[in-house]
Amino acid sequence: METSNQYTILESLQSPQDIKTMSFQQLAQLAEEIRSFLIQSVSRTGGHLASNLGVVELTLALFKVLSLPEDGIIWDVGHQSYVHKLLTGRMQQFATLRQFGGMSGFPKSCESPYDIFNTGHSSTSISAALGMTRGAELAGEKSRTVAVIGDGALTGGMAFEALDDAGTYKKNFIVILNDNEMSIAANVGGISRYLTRVRTRPQYHRFKSNLEHAFGMIPVIGQPTVLLLKRIKDSVRRLLMTSTVFDDFGFTYFGPIDGHDLPFLCQVLERAKAINGPVLLHVKTKKGKGYKFAEDKPTDFHGVGVFEIDTGERNGSSTSYASVFGATMAELGGQDERICAVTAAMPDGTGLGTFSKLYPKRFFDVGIAEQHAVTFSAGLAKRGLRPVVAVYSSFLQRAYDQVLHDVCMQNLPVTFCIDRAGLVGEDGETHHGIYDLAYLSQMPNMTILAPANFIEFKDMLSYATMVHRGPIAIRYPRGGTSFETGKKFVPNLPEVVTEGKDVAIISVGHMLSSVVAAKEILEKNGVSVSVVNMRTIWPISPQFIKSVADAHKLLVTVEDGVRHGGFGEKVASYVSGQAPVLIKAHDSGIVTHGNRDKLYELCGLDAETIANDIITKLRQA
């Protein structure tokens, strides 16, 4: 923690209500203190920096105008909730940000009554806020719930479903569009171009600026006059430009508004509160504001590790599955012109930056729209192409129906490269990728591969895109690996790494390094161990599983996925009554945030726990 005199106002806050009594001069100083604190704190812990630096004034304006905690704010995705956390009494907890047992990087109801809805994925805020607003109305409460959604999240179809419903609501409901022209990467698509046109119409801006200045000079007036002036403004605006899509949905539209002009933000929010019906405030902010390195490279500072404040330099990065994926895709793209790459607003995060530059006509960034990405890829496959959908495991969950109905049922050759499979660490429960294996293996025609190392991964990607017929998924973890095995990948052929007579451990993907370490512990305790690297996770050969069970006293499966419906349960069903089976998997679908090694210990998937559980099971047999 820095010295108290550096954060005079921030440290003096007793409750969020204190902000309502502050002058704009005090709030401006508080904004500076918040930015300084966030840069200092996140440089030591890592976290989402650029998005939070961009919403400082917006958050302060909301806290000044709304009556918290009776009113509430839902932050879409939640990357930008650090300022909200600071203002609600969690300053001392920032030293534990995203660490095991510490403060989450996302809104969490269990942390604070001011976190009214858990978020973590995009495009959900309007639906949730509208539900809470109507729920309060039915309960006879006068509280309001405001949704804050980014322009990147607005590309998600769910956001437009909610806008369509909210447009018919006859009472006050406020949506704030935080427009910083970014999601994680730069925004793409029609919505982005539309918002750009709205921002850049000079004739409208001249009129709006003059009219808003005139409104600002008018003293407190009655509601009829406010509504009359609003109708005059709307009428003149329509003479200068066509109505916005938000007007057409049924919203009263304000904007674009400078999201760093705190006094004017508060004025407009007060006006928005007085309107009977849905209101959309289009607020223009700068991602990374106040820290030059984050302003210049907002994508790099979206989610950042520990870094040097003076230089912006971060810890050196080693080879990762994402970088290997990117390099291999670039190579394969040169060998086969049918190969296309599809991403949902994650070109850099998934490793597709090089492919996008080399083969721009075969690279498709569809925005934050995973459902569309999958069905779009099905359409590409129908035309004879070989699309590769690069997606994080937890985000693919959003396209369950499209994978099943549009790809698998038609048996189309779409390759799903599923990054962040298994535990991801500090982002926690909303981002862990532990469900994909269980639900994808229920789908017709689906094949699932899991590499234990980079060499296997490259072989699998080549096979999936150039040889395999039908849908196929390759699941791989965040980060990299130092573990290599020597045998070339062959589809449907498991690799027997070591042979023993007491216990057979069948490993799924990257868990092989922990399994081999557990084997070494077991052998020191006199247990002879066979280790199998399964590689093709689904479909499984019942004959192979039964032959392994016949040759050992105990069969063990180890996977970084949920137990129910997972690999281990399928294996156990093949050998029922033939041999005892120990399934090592995630018993709970909810795993907290923290260092991955610590989380694996918590879930019993570290080498020592695996070995100890096997010894216990052998004694019981």
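The values are calculated or read from the model by the stated rules, or taken from the named source; none is laboratory data. Keep in mind that what you see is a predicted model, and the values were worked out from it rather than measured. Note: ideal-geometry Cβ built from the backbone for every residue, glycine included; neighbour counts use all protein chains shown. Note: areas computed on protein heavy atoms with side chains; ligands, DNA, RNA excluded. Shrake-Rupley method; radii C 1.70, N 1.55, O 1.52, S 1.80 Å.
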Looking only at region 592-621, and only at residues there that are of a type in the set (D, E, K, R) and either without any contact (Cβ under 8 Å) to a residue 12 or more places away in the chain or part of a loop (DSSP other than H, G, I, E, B) (or both), the one that is nearest to Leu97 (Cα to Cα): Asp597
Condition set β-branched (Val, Ile, Thr) and either open to solvent by 30 Å² or more (accessible area, probe 1.4 Å) or farther than 26 Å from Asn595 by Cα (or both), scope region 396-452, selection farthest from the chain's Cα centre (by Cα): answer is Thr447
How many residues are in contact (Cβ under 8 Å) with a residue 40 or more places away in the chain and assigned to a helix (DSSP H, G or I) when one looks only at region 269-294? 6
Within region 557-570, how many residues are without any contact (Cβ under 8 Å) to a residue 40 or more places away in the chain and open to solvent by less than 10 Å² (accessible area, probe 1.4 Å)? 1
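Any residue that is assigned to a helix (DSSP H, G or I) and basic (Lys, Arg) - is there at least one of those in region 505-519?
yes
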Closer than 27 Å to Lys598 by Cα, of a type in the set (A, V, I, L, M, F, W, C) and surrounded by fewer than 24 Cβ atoms within 10 Å (Cβ to Cβ), is that true of Val515? no
Among the residues that make up region 82-94, is at least one of them in contact with a His (Cβ under 8 Å, 6 or more places away or on another chain) and either within 27 Å of Val268 (Cβ to Cβ) or β-branched (Val, Ile, Thr) (or both)? yes
Counting just the residues of region 520-556 that are of a type in the set (Lys, Arg) and part of a helix (DSSP H, G or I), which one comes out most open to solvent (accessible area, probe 1.4 Å)? Lys524
Among Ser356, Ser394, Ser317, which is the only one that is at pLDDT below 95 and of a type in the set (Gly, Ala, Ser)? Ser317
Qualifying residue in region 226-240 (condition: hydroxyl-bearing (Ser, Thr, Tyr) and either at pLDDT below 90 or exposed (fewer than 13 other Cβ atoms within 10 Å of the Cβ) (or both)): yes
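Hey, among Ile257, Ile309, which residue is modelled with pLDDT of 90 or more and either charged (D, E, K, R) or part of a loop (DSSP other than H, G, I, E, B) (or both)?
Checking each option against the conditions leaves just Ile309.
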Say whether the condition of being under 17 Å from Asp115 (Cα atoms), charged (D, E, K, R) and in contact with a strand residue (DSSP E or B) (Cβ under 8 Å, 6 or more places away or on another chain) is met by at least one residue in region 57-70. no
Pull out all pairs, ordered by first then second residue, where Cβ-Cβ is under 6 Å, the residues are six or more apart or on different chains, the first lies in region 7-33 and is open to solvent by less than 20 Å² (accessible area, probe 1.4 Å), and the second is of a type in the set (Lys, Arg). Ile19/Lys64
For region 369-376, check the following and say yes or no: at least one residue is open to solvent by less than 30 Å² (accessible area, probe 1.4 Å), under 19 Å from Leu461 (Cα atoms) and not in a helix (DSSP H, G or I). no
So which residues in region 304-334 are in contact (Cβ under 8 Å) with a residue 40 or more places away in the chain, open to solvent by 20 Å² or more (accessible area, probe 1.4 Å) and over 24 Å from Pro451 (Cβ atoms), if there are any at all? Gly305, Val306, Glu308, Ile309
